[in-house]
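A short write-up of the structure that comes next.
The values are calculated or read from the model by the stated rules, or taken from the named source; none is laboratory data. This is a predicted model, so every value here is computed, not measured. Every residue, glycine among them, receives a Cβ derived from its backbone with ideal geometry; neighbour counts consider all protein chains shown.
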Amino acid sequence: MKLRHLAAIGLAGTLGLAACGSSSKDSGSAGTTAAPSPETNAPATSAAAGTTIRLWLNGEDTKQELVDYAIAEFKKLHPEADVQFERQQWTGIVEKLTTALSSSDSPDVVELGNTQAQAFEAAGALADLSAQKAELGGDDLLQSLVEAGTYDGKFFGVPYYAGARIVVYRTDLFEKAGLTVPTTLDEFIAAGVKLKQDNAATPNFSGIYFPGKYWYAALPFIWQEGGDIAVQDGGAWKGTLSSAASVKGLGMVKKIMDEASGAPKDGDESKDYVAFCNGEVGMLMGPGWKLGQILNEKDGCPAMADKVGAFALPGAAAGTTAPAFLGGSNLAISAKSEHQELALDLLKIMAGKGYQTQFAQAGTIPALKSLLGQVSGDEAAKAQAVAALNSRFVPSSENWAGVEASTVLPDMLVSIAQGGDVQAAATQADQAITSQLNG
């Protein structure tokens, strides 16, 4: 797969949006106003006077204060070098990176959405960081983002930050139904069924809001039962949604759709907060920012603030969590960077505990598992930190973007929601996924 071919999957530029945060301003430059404590005690090393490395970050999740911190720490190591910061937009970032990373004037350090990273890794656009993995975080890095940053056994993309899907629920409806926060998946489903039954007088009420196209929400059930979307077999990809384990997980999804959900069987999750604010939802599964969307003053229902809570989706056994799909970002060094040693030093700072701790303190899931206990903020932020401890990723293929952009997964779930046979729907999906992943 050549870098120029990445333009053909430009639609994948939108895929990371749900995972990677908000829209951003146009690119700009940053100064070095911060004066934080040193990230490292290493002595300053020399760099050619006037050398400048370029840092591209996307969206607004990285606040300017963090950028200032990273640049100030870098300047302590390399007083004669500079960092030129350019904030990019998520919209169109795949096309922009495709052009930039293939040019002679490539940025040095770039941010990639985790569902975008594999295509650039496979295309040879990024520097191999395998030998530096341990000093960039090693076993402390969030596993699913490590998977996103790894291709063909080599490590290219350093986990940057994450967002996990959690459960948002109506505390008042739980209390009225005599329910407590579920500790297992079976209890979760049973609570959803009871909530729907208890609120049958409310039209379209969902104990668990689960529209037919919501494939992200189906993944934890598939993974919990030992299934997967696809696996590699003899060097080729093979769809495995029709395996016994995956079908068992999909059976749990079907039970929710049949007995606990009143959401549209052919709809998606984009307006779930509207249904929640209309009093039609007992529980819903969504990204960590979902609570903020529900309570926002513009089109949410802030008056419901004292009636809403959040928890991590439980696993099969009490005290465990179901495997969570983590959205998020990876950082990488351009293969065409002329200053890879300097870029690596900047990358170490941004992956380091001093920098990542500030993500945690801002309520964002940091890339280091050891810092998850320090995540501050509302109940949703803390639930995300719990969920992030057990995470999984989609198949690590450069062709995954094509699968995600297609309708194969939503189509399978809509068929199941509308009464179709689980095994038959999964088998049909496997055929399409196998073909797409093997190109």
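Suppose the filter is more than 18 Å from Ala312 (Cα to Cα), in a loop (DSSP other than H, G, I, E, B) and in contact (Cβ under 8 Å) with a residue 24 or more places away in the chain; does Lys254 pass it? No; evaluated as a whole, the condition is false for this residue.
Here are some residues: Gly352, Gly377. Which one is out of contact with any strand residue (DSSP E or B) (no Cβ under 6 Å at 6 or more places or on another chain), modelled with pLDDT of 95 or more and not assigned by TED's automatic domain parsing to the domain that holds Gly292? Of the residues listed, the single one that is out of contact with any strand residue (DSSP E or B) (no Cβ under 6 Å at 6 or more places or on another chain), modelled with pLDDT of 95 or more and not assigned by TED's automatic domain parsing to the domain that holds Gly292 is Gly352.
Being out of contact with any Ser or Thr (no Cβ under 6 Å at 6 or more places or on another chain), small (Gly, Ala, Ser) and in a loop (DSSP other than H, G, I, E, B) is the requirement here; does Ser376 meet it? Give the steps one after another, and end with the answer.
Working: out of contact with any Ser or Thr (no Cβ under 6 Å at 6 or more places or on another chain): yes; small (Gly, Ala, Ser): yes; in a loop (DSSP other than H, G, I, E, B): yes.
Yes.
With respect to Ala401, is the statement that it is surrounded by 18 or more Cβ atoms within 10 Å (Cβ to Cβ), more than 29 Å from Val83 (Cα to Cα) and outside the structural domain of Thr183 (by TED's automatic domain parsing) true? No: the conditions fail for Ala401.
Conditions (1) touching a Gly at 6+ places or on another chain (Cβ under 6 Å); (2) hydrophobic (A, V, I, L, M, F, W, C); (3) more than 28 Å from Ala122 (Cβ to Cβ), marked per residue:
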| site | (1), (2), (3) |
| --- | --- |
| Ser397 | no, no, no |
| Ala401 | no, yes, no |
| Ile416 | no, yes, yes |
| Gly419 | no, no, yes |
| Gln423 | no, no, yes |
| Ala426 | no, yes, no |
| Ile433 | yes, yes, no |
| Gln436 | yes, no, no |
| Gly439 | no, no, no |
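Considering only segment 400-421, I want to know if a residue exists there that is out of contact with any helix residue (DSSP H, G or I) (no Cβ under 8 Å at 6 or more places or on another chain), in contact (Cβ under 8 Å) with a residue 12 or more places away in the chain and either within 20 Å of Lys213 (Cα to Cα) or not in a strand (DSSP E or B) (or both). Scanning segment 400-421 turns up at least one residue that is out of contact with any helix residue (DSSP H, G or I) (no Cβ under 8 Å at 6 or more places or on another chain), in contact (Cβ under 8 Å) with a residue 12 or more places away in the chain and either within 20 Å of Lys213 (Cα to Cα) or not in a strand (DSSP E or B) (or both).
Give the residue, chosen from Ser242, Ser261, Ser246, Ser270, that is touching a Ser or Thr at 6+ places or on another chain (Cβ under 9 Å), closer than 27 Å to Cys301 by Cβ and not charged (D, E, K, R). It would help to see each step written out before you state the result.
Values: Ser242 fails: closer than 27 Å to Cys301 by Cβ; Ser246 fails: closer than 27 Å to Cys301 by Cβ; Ser270 fails: touching a Ser or Thr at 6+ places or on another chain (Cβ under 9 Å).
One residue alone meets the criteria, Ser261.
Here are some residues: Gly178, Gly212, Gly192. Which one is surrounded by fewer than 18 Cβ atoms within 10 Å (Cβ to Cβ), of a type outside the set (Lys, Arg) and in the same structural domain as Pro410 (by TED's automatic domain parsing)? Explain how you work it out, then say what you get.
Numbers: Gly212 fails: surrounded by fewer than 18 Cβ atoms within 10 Å (Cβ to Cβ); Gly192 fails: surrounded by fewer than 18 Cβ atoms within 10 Å (Cβ to Cβ).
Just a single option satisfies the conditions, and that option is Gly178.
Residues in segment 405-439 that are surrounded by fewer than 19 Cβ atoms within 10 Å (Cβ to Cβ) and closer than 28 Å to Thr320 by Cβ: Gln423 alone.
For Ala122, state whether it is under 20 Å from Val158 (Cβ atoms), modelled with pLDDT of 90 or more, in contact with a helix residue (DSSP H, G or I) (Cβ under 6 Å, 6 or more places away or on another chain) and of a type outside the set (Lys, Arg).
Working: under 20 Å from Val158 (Cβ atoms): yes; modelled with pLDDT of 90 or more: yes; in contact with a helix residue (DSSP H, G or I) (Cβ under 6 Å, 6 or more places away or on another chain): no; of a type outside the set (Lys, Arg): yes.
Against the criterion (under 20 Å from Val158 (Cβ atoms), modelled with pLDDT of 90 or more, in contact with a helix residue (DSSP H, G or I) (Cβ under 6 Å, 6 or more places away or on another chain) and of a type outside the set (Lys, Arg)), Ala122 does not qualify.
Out of all the residues in segment 29-37, is one or more surrounded by fewer than 21 Cβ atoms within 10 Å (Cβ to Cβ), modelled with pLDDT of 95 or more and more than 19 Å from Gly328 (Cα to Cα)? Checked segment 29-37: no residue is surrounded by fewer than 21 Cβ atoms within 10 Å (Cβ to Cβ), modelled with pLDDT of 95 or more and more than 19 Å from Gly328 (Cα to Cα). Starting from residues that are outside any strand (DSSP E or B) and surrounded by fewer than 18 Cβ atoms within 10 Å (Cβ to Cβ), keep the ones in segment 47-65 and report whichever is modelled with the lowest pLDDT. Checking each candidate, the answer is Ala48. When each of Asp186, Asp266 is tested for being farther than 21 Å from Asp430 by Cα, surrounded by fewer than 24 Cβ atoms within 10 Å (Cβ to Cβ) and of a type in the set (Asp, Glu), the lone residue that passes is Asp186. When residues in segment 175-234 are screened for being not hydroxyl-bearing (Ser, Thr, Tyr) and not in a helix (DSSP H, G or I), 26 of them pass. Every condition in (1) β-branched (Val, Ile, Thr); (2) farther than 26 Å from Leu409 by Cα; (3) more than 21 Å from the chain's Cα centre (by Cα) is met by Ile294 except one, and the failing one is (3).
Candidates are the residues of segment 313-360 that are in contact with a helix residue (DSSP H, G or I) (Cβ under 7 Å, 6 or more places away or on another chain) and of a type in the set (S, T, N, Q); the one that is farthest from Gln88 (Cα to Cα) is Thr321. When segment 119-161 is filtered for residues that are of a type in the set (A, V, I, L, M, F, W, C), part of a loop (DSSP other than H, G, I, E, B) and under 21 Å from the mean Cα position of the chain (by Cα), the ones remaining, listed by number, are Leu142, Phe156. In segment 75-102, the residues that are in contact (Cβ under 8 Å) with a residue 12 or more places away in the chain reach residues that are part of a strand (DSSP E or B) and surrounded by fewer than 16 Cβ atoms within 10 Å (Cβ to Cβ) with C-beta atoms within less than 6 angstrom, at least six apart or across chains, in these pairs: Asp82/Thr52; Gln84/Thr52. So which residues in segment 147-161 are at pLDDT 95 or above, farther than 13 Å from Leu347 by Cβ and touching a strand residue (DSSP E or B) at 6+ places or on another chain (Cβ under 7 Å), if there are any at all? The answer is Tyr161, and nothing else.
Of the conditions (1) more than 30 Å from Ser106 (Cα to Cα); (2) buried (at least 24 other Cβ atoms within 10 Å of the Cβ); (3) not polar (S, T, N, Q), Leu372 fails just one. Which one is it? Of everything listed in (1) more than 30 Å from Ser106 (Cα to Cα); (2) buried (at least 24 other Cβ atoms within 10 Å of the Cβ); (3) not polar (S, T, N, Q), Leu372 misses just condition (2).
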